[in-house]
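Participant: One structure, pasted below without further comment.
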Amino acid sequence: MATSMNGWPTDPPTTRITVNGKTATVRKGGGVAKLLQWFAVMYNETVEPLITFNGYRSASLNKTSGSVFDNSNHRSATATDKNGFKYPYEATQPRGTWRNTMPTDKQAAVRKILAQCPEIRWGADFPIGFRDLMHYEIRTGVTAAQIKRRLNTLGVGKYEVVKKTAGCKKGVRTYTTRKLGKKHRARTRAIGKNIKIIAIIGKWGLTKKGDWVRMPKLKKVTK
């Protein structure tokens, strides 16, 4: 069976993940989609808005996309590119002309996310000649079991509503942004209902539906 550079089989079943209205096709199963989505949310919220977002590539698309490796991790749907129009791949640029175009504060923000999730590697750390600031991938040797444990550590998963929002008779309110107020309200979930959380920032969790909810109102479902 053919594999990509990180050891995952190529041309796998895929699914789509969406962040900031942008969608990428990634690997289905093994927790890969959930981890890559978590990373994309954190990038969008703490680094810069996600404008372009790409994942899986077929063999033919990989050849025409600028990759210099037939076994790119895009082939196994375990890698994504973010805002590639701002951060060109060094191997596609005239020799000696490539520059790191990401501001230092944004690089620091990316490093902060990576510190929470060592299972993901940044293309900025590739060898000279192949640096790729848009690129983020599952590291070589990382297993599905490791990804599952990381997702649990990050708090990604199913939660039960256990407390009501103040002034809400039915249960907990979710919001379109991490701000309180009538104009930001999205929906209400009753006590005892489950909510899927795809990322947590501070006391706020982002639901699979794209709303924000206060995490102290929820309890992790461990079954």
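Participant: I'm told I191 meets every condition in (1) surrounded by fewer than 13 Cβ atoms within 10 Å (Cβ to Cβ); (2) over 23 Å from the mean Cα position of the chain (by Cα) except one. Can you identify the failing condition by its number?
Facilitator: Of the numbered conditions (1) surrounded by fewer than 13 Cβ atoms within 10 Å (Cβ to Cβ); (2) over 23 Å from the mean Cα position of the chain (by Cα), the odd one out for I191 is (1).
Participant: Does A186 satisfy being of a type in the set (A, V, I, L, M), within 23 Å of A77 (Cα to Cα) and outside the structural domain of P118 (by TED's automatic domain parsing)?
Facilitator: no
Participant: Looking for whichever is of a type outside the set (F, W, Y), in a loop (DSSP other than H, G, I, E, B), out of contact with any Pro (no Cβ under 9 Å at 6 or more places or on another chain) and crowded, with 18+ Cβ neighbours inside 10 Å here; the options are P118, P127, P88, P94. Which one fits?
Facilitator: On inspection, the qualifying residue turns out to be P88.
Participant: Are any residues in the stretch 156-175 in a loop (DSSP other than H, G, I, E, B) and under 27 Å from F39 (Cβ atoms), and if so, which ones?
Facilitator: Correct list: V156 only.
Participant: Which residue out of R139, R149, R185 is without any contact (Cβ under 8 Å) to a residue 24 or more places away in the chain, under 17 Å from the mean Cα position of the chain (by Cα) and surrounded by 12 or more Cβ atoms within 10 Å (Cβ to Cβ)?
Facilitator: Criteria check complete, one pass: R149.
Participant: Just to be sure I understand, how many residues within the stretch 53-71 are more than 18 Å from P12 (Cβ to Cβ) and either outside any loop (DSSP other than H, G, I, E, B) or modelled with pLDDT of 90 or more (or both)?
Facilitator: Total meeting the criteria: 3.
Participant: For Y175, are the conditions met, namely being touching a Leu at 6+ places or on another chain (Cβ under 8 Å), buried (at least 18 other Cβ atoms within 10 Å of the Cβ) and farther than 24 Å from V110 by Cα?
Facilitator: For Y175, the condition - touching a Leu at 6+ places or on another chain (Cβ under 8 Å), buried (at least 18 other Cβ atoms within 10 Å of the Cβ) and farther than 24 Å from V110 by Cα - is not met.
Participant: Hey, any hits in the stretch 54-70 for a residue that's at positive phi and surrounded by fewer than 20 Cβ atoms within 10 Å (Cβ to Cβ)?
Facilitator: Among the residues of the stretch 54-70, at least one is at positive phi and surrounded by fewer than 20 Cβ atoms within 10 Å (Cβ to Cβ), which makes the answer yes.
Participant: Being farther than 30 Å from R57 by Cβ, modelled with pLDDT of 95 or more and of a type in the set (S, T, N, Q) is true for just one of T222, T140, T207, T174. Which residue is that?
Facilitator: Step by step, each of T222, T140, T207, T174 is checked, and only T174 is farther than 30 Å from R57 by Cβ, modelled with pLDDT of 95 or more and of a type in the set (S, T, N, Q).
Participant: List the pairs whose first member sits in the stretch 159-177 and is under 15 Å from K220 (Cα atoms), whose second member is modelled with pLDDT of 95 or more and in a loop (DSSP other than H, G, I, E, B), and whose Cβ atoms are under 6 Å apart, counting only residues at least 6 apart or on separate chains?
Facilitator: Hits for this filter: E160/V221; V161/I191; V161/K193.
Participant: With the checklist (1) out of contact with any His (no Cβ under 9 Å at 6 or more places or on another chain); (2) surrounded by 13 or more Cβ atoms within 10 Å (Cβ to Cβ); (3) not hydrophobic (A, V, I, L, M, F, W, C) in hand, flag the one item K82 doesn't pass.
Facilitator: So K82 meets the others, but not (1).
The values are calculated or read from the model by the stated rules, or taken from the named source; none is laboratory data. Keep in mind it's a predicted model, so treat the numbers as computed, not measured. In this analysis, Cβ positions are derived from the backbone assuming ideal geometry, glycine residues included, and neighbour counts consider all displayed protein chains.
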